[in-house]
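All remarks here apply to the structure that follows.
The values are calculated or read from the model by the stated rules, or taken from the named source; none is laboratory data. Predicted, not measured: the structure shown is a model, and the values here were computed from it. Heads up, the Cβs are rebuilt from the backbone with ideal geometry, glycines too, and the neighbour counts pull from every protein chain shown. Accessible surface areas use protein heavy atoms only, side chains included; no ligands, DNA or RNA. Shrake-Rupley method; radii C 1.70, N 1.55, O 1.52, S 1.80 Å.
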Amino acid sequence: MKRILLLAGTSEARALAARLAIEPGCDAVASLAGRTSAPMALALPTRVGGFGGVAGLQLYLEEQRITHVIDATHPFAAQMSANAQAACAALGLPMIAYAREPWRRAPGDDWIEVADSAAAVHALGAAPRRVFLTIGRQGVADFRAAPQHDYLLRVIEPPEAKDLPPNCKVFSARGPFAREDEVALMREKGVEMVVSKNSGGALTYAKIEAARQLGLPVVMIEPPPRAGVTLAHDLDAVMALLAS
Ligand code: NAP
């Protein structure tokens, strides 16, 4: 019997949880950070909250007799991924990283690729612009350094007011989004630039297509690099690795 810890918080993790729940020979538990107050339910027993760094995770893995870890956190959840890698290495446990492939530039895309949100702020330039911020909550505070822009921020749950730049309208929405709706939104709000994380996947790609259609530049924050992990890009690949 494999005793699996699934580090979750993405739609991919949710799909994988449904698969693991019916997989013979697997006894799996999912884990959420607890950032979202009403997370979508997972098909596995789910624990919520941080483990307490690498040491806390190591303890959890030992106590729960975990035999395999699957890191299906968001490509930008670098701390959790690094902790999982370190804890698994220390205990000699196999770890599979399950991450979407990042989006690739298509003809007509006008992307400014940057390494992080601080660099994205710089890429917006000095002149005031109407900026559609679609990066989630994290990194929003960096945009306080560029108060000359008008921001439209779309998030699942709003950040604290102290983290917002001064001219910032916040609204809540959860994907998937349709391209026509994204085009209509960007037109209605007079968006001039889009800031996005290169998160990959289909769920939020419509904003990239909409920006392409409208000829808008996208400041694209690239995911942090990952080294030394066994990486799978789709569910079948994860299951094959698990079986091997
Ligand atoms: P992070 O910076 O990599 O992690 C910070 C800390 O949060 C970790 O050290 C860990 O605390 C705790 N944590 C993160 N994911 C966890 C999980 N699945 N189960 C238990 N504890 C977890 O992560 P983040 O960027 O804040 O993301 C938090 C969660 O939101 C992740 O599960 C991620 O999949 C999801 N998410 C993130 C983004 C994004 O853009 N970053 C977007 C969509 C969804 P301890 O050190 O105490 O163990």
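Here the Karplus curve 6.51 cos²θ - 1.76 cosθ + 1.60, taken at θ = phi - 60°, turns the phi angles of the range 38-48 into couplings of 10, x, 6, 5, 10, 7, 10, x, 10, 9, 10 Hz, with x standing for Gly and Pro.
Here's how it looks for residue 232: its modeled amide H is under 5 Å from those of 97, 98, 99, which are all 5 or more places away or on a different chain. Between amide H atoms placed 1.01 Å from N, distances below 5 Å from residue 219 occur with 112, 194, 195, 196, all of them 5 or more places distant or on a separate chain.
Counting only residues at least eight positions apart within a chain, or on another chain, the lysines with an alpha carbon under 25 Å from that of residue 169 are 189, 197, 207. For the range 111-221, the alpha carbon convex hull comes to 88 Å³ per residue, rounded to a whole number. In this calculation the C-beta distance from residue 157 to residue 78 is compared with R0 = 25 Å, giving a FRET efficiency of 0.75. A simple rule links phi to the HN-Hα coupling: the Karplus curve 6.51 cos²θ - 1.76 cosθ + 1.60 with θ = phi - 60°, which for the range 209-225 gives 5, 5, 4, 4, 4, 8, x, 8, x, 10, 7, 9, 8, 7, x, x, x Hz, with x for Gly and Pro.
Between 21, 120, 99, which gets the highest mean-square fluctuation from a Gaussian network model of the chain, Cα cutoff 10 Å? Of 21, 120, 99, the Gaussian network model singles out 21 as fluctuating most. Hey, in the GNM for the chain with a 10 angstrom Cα cutoff, which one of 135, 208, 156 fluctuates hardest? Of 135, 208, 156, the Gaussian network model singles out 156 as fluctuating most.
Peptides 51-60, 164-173, 214-223 ranked from most to least packed, by the mean per-residue count of other Cβ atoms within 10 Å: 214-223, 51-60, 164-173. About its Cα centre, the chain has a charge dipole of approximately 280 debye under the convention of +1 per Lys or Arg Cβ and -1 per Asp or Glu Cβ, with nothing else charged.
Per residue, the accessible area of the chain comes to 48 Å² when a 1.4 Å probe rolls over the protein heavy atoms.
At a 1.4 Å probe, what is the % contribution of carbon and sulfur to the accessible area of the range 90-198? Carbon and sulfur: 50 percent of the exposed surface of the range 90-198. When +1 charges are put on Lys and Arg Cβ atoms and -1 charges on Asp and Glu Cβ atoms, the dipole computed for the range 111-221 relative to its Cα centre reaches about 120 debye.
For the chain, what is the calculated [θ] at 222 nm in deg cm²/dmol (nearest 500), taking -39500 (n - 2.57) for each run of four or more DSSP H residues and dividing by its residue count?
That calculation yields -8500 deg cm²/dmol at 222 nm.
Between the amide H of residue 139 and any residue lying 5 or more places away or on another chain, no distance stays under 5 Å, with hydrogens modeled in the peptide plane. In order along the range 196-203, the Karplus-derived 3J(HN,Hα) couplings, from 6.51 cos²θ - 1.76 cosθ + 1.60 at θ = phi - 60°, round to 9, 8, 7, 8, x, x, 8, 4 Hz, and Gly and Pro are given as x.
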